1. Let me spell it out: the conditions are (1) over 21 Å from the mean Cα position of the chain (by Cα); (2) closer than 26 Å to Glu71 by Cα, and Val312 meets all of them except one. Which number is the exception?
2. Go through segment 133-163 residue by residue and tally those that are surrounded by fewer than 21 Cβ atoms within 10 Å (Cβ to Cβ) and out of contact with any helix residue (DSSP H, G or I) (no Cβ under 6 Å at 6 or more places or on another chain).
3. Across segment 338-355, what is the total count of residues that are open to solvent by less than 50 Å² (accessible area, probe 1.4 Å) and closer than 19 Å to Arg382 by Cα?
4. State whether the residues of segment 193-200 include one that is open to solvent by less than 20 Å² (accessible area, probe 1.4 Å), β-branched (Val, Ile, Thr) and touching a strand residue (DSSP E or B) at 6+ places or on another chain (Cβ under 7 Å).
5. Any residue in segment 49-71 that is touching an Asp or Glu at 6+ places or on another chain (Cβ under 6 Å) and open to solvent by less than 60 Å² (accessible area, probe 1.4 Å)?
6. Got a sec? Which of Phe321, Phe288, Phe335 is free of Cβ contacts under 8 Å to residues at least 60 places away in the same chain and open to solvent by less than 30 Å² (accessible area, probe 1.4 Å)?
7. Which members of segment 100-122 meet the condition of being assigned to a strand (DSSP E or B) and not hydrophobic (A, V, I, L, M, F, W, C)?
Amino acid sequence: MPSISNKGQLMPESPIRKLVPFAEAAKKNGTKVYHLNIGQPDIKTPQVALDAVKNNTIEVLSYARSEGSEEYRNKLADYYQKNNINVQATDIIATTGGSEALLFTIGSITDPGDEIIIPEPFYANYNGFSTASGVKVVPVISSIDDNFALPKIEDFEKLITSKTKAILICNPGNPTGYLYSKEEIEKLKQIVLKHDLFLIADEVYREFAYDGNTHHSVMAEAGLEQNAIMIDSVSKRYSMCGARIGCIVSKNKDFINTAIKFAQARLSPPTYALLASEAALDTPQSYFDDVIEEYVERRNTLISELQKIEGVKVANPKGAFYCIAELPVNDTDAFAQWLLEKFNDQNETVMVAPAGGFYSTKGEGKNQVRIAYVLNKKDLIRCVEILKIALNQYNS
């Protein structure tokens with residue numbers, strides 16, 4: 001029979017979604033599954049975005065422009081300027097989600113065999129995007145003991161080779177919730193300027209910065225105009241994961257002109273989703289104030305409850321809505337599957353994402369899980385209670 005490509009065989013499974021069949025089986029057997037495994041917020045999508053789709057007068061659902069409508073990109077540029085990011089519509093390409101933005105970016109700046117340095121743990125699909133492009137991820141490990149802060153500059157520099165094309169960060173971080181300080185962004189700026197690299201920042205969680213901390217965008221750094229590439233998305237900001245609208249932002253015209261060719265090859269982003277995303281930009285600040293207050297309370301509840309479990313170590317996130325927890329087990333892949341296949345408490349169990357899939361270094365993260373605190377506080381307390389009972393039973 002015809003053979004599958006080597007690249008296809010090397011494509012990693014999603015640590016977030018690979019356990020779905022076990023979760024579905026548990027549900028069919030009458031077990032309630034609390035989903036801590038996926039960053040799907042339960043926050044309501046802004047009504048203004050939903051109304052834009054419901055109440056439009058479109059008679060022919062035609063292609064959008066490959067780079068997204070001019071109206072959307074102009075309005076998006078205004079939003080960025082309010083956030084100290086001085087860009088124009090011509091610096092923006094709308095994409096089908098942040099995922100496509102990353103694929104276009106990697107395709108535009110690398111050739112097969114090139115390398116991208118990424119602090120790990122990192123968003124698991126970075127592995128998949130790199131594999132699909134024939135690019136090697138070179139990890140620089142951050143530690144739970146340091147709350148996943150930026151590794152030392154020396155750790156980056158010793159990994160740079162003639163094949164290195166970029167450093168990629170997620171800020172605030174998925175899966176760690178780490179928020180990079182201005183000083184850390186400036187350190188990265190120095191490295192990429194010294195070695196003539198791109199600095200790619202996945203900033204889809206920009207709005208979610210806690211405890212009085214401020215998000216610092218790579219696009220706001222003077223002197224990085226030719227090096228900085230920002231990835232963004234409406235998915236988390238407006239609780240619009242299903243819209244699948246993201247974007248690439250850069251002042252490097254050669255890069256934008258290259259990326260637009262990838263955008264043209266896939267034709268266009270979805271028209272209705274662009275309408276919803278454009279309307280979402282009218283969401284009042286009060287929406288974000290309420291959302292951030294809710295997430296801070298959820299984070300505090302989750303961290304406080306996890307710290308009560310003997311043998312559990314947890315990082316304290318400064319942004320996004322994830323945390324990494326180290327559990328007293330040897331293999332969280334096996335434990336996560338066991339939770340769904342063989343365990344329940346009062347016909348309830350939890351689904352977590354094993355953190356090994358958020359590393360590219362073999363063996364790292366085997367005793368860690370990523371937890372998304374996208375459930376209400378009452379459910380989070382119950383989830384940790386279930387987790388504690390499960391750990392006692394699993395280890396006995």
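The values are calculated or read from the model by the stated rules, or taken from the named source; none is laboratory data. Bear in mind that the values here come from a model prediction, so they are computed numbers and not experimental data. Cβ coordinates were reconstructed from backbone atoms using ideal geometry, including for glycine residues, and neighbour counts include every protein chain displayed. Keep in mind that these areas ignore ligands, DNA and RNA; they rest on the heavy atoms of the full protein, side chains included. Shrake-Rupley method; radii C 1.70, N 1.55, O 1.52, S 1.80 Å.
1. Only one criterion is unmet by Val312, namely (2).
2. Total satisfying the criteria: 21.
3. 11
4. First pass over segment 193-200, keeping only residues open to solvent by less than 20 Å² (accessible area, probe 1.4 Å): 197, 199-200.
Next, only the ones that are β-branched (Val, Ile, Thr) stay: 200.
Filter once more, so that each one left must be touching a strand residue (DSSP E or B) at 6+ places or on another chain (Cβ under 7 Å): 200.
Within segment 193-200, one or more residues are open to solvent by less than 20 Å² (accessible area, probe 1.4 Å), β-branched (Val, Ile, Thr) and touching a strand residue (DSSP E or B) at 6+ places or on another chain (Cβ under 7 Å).
5. Checked against the condition, which is being touching an Asp or Glu at 6+ places or on another chain (Cβ under 6 Å) and open to solvent by less than 60 Å² (accessible area, probe 1.4 Å), segment 49-71 yields no hits at all.
6. Criteria check complete, one pass: Phe335.
7. Once the filter is applied, which keeps residues that are assigned to a strand (DSSP E or B) and not hydrophobic (A, V, I, L, M, F, W, C), segment 100-122 yields Glu115, Pro119, Glu120.
Residue-by-condition table, conditions (1) open to solvent by 10 Å² or more (accessible area, probe 1.4 Å); (2) free of Cβ contacts under 8 Å to residues at least 60 places away in the same chain; (3) out of contact with any Ser or Thr (no Cβ under 7 Å at 6 or more places or on another chain); (4) of a type outside the set (S, T, N, Q):
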{"position": "Leu306", "(1), (2), (3), (4)": "no, no, yes, yes"}
{"position": "Lys313", "(1), (2), (3), (4)": "yes, no, yes, yes"}
{"position": "Pro317", "(1), (2), (3), (4)": "no, no, no, yes"}
{"position": "Ala325", "(1), (2), (3), (4)": "no, yes, yes, yes"}
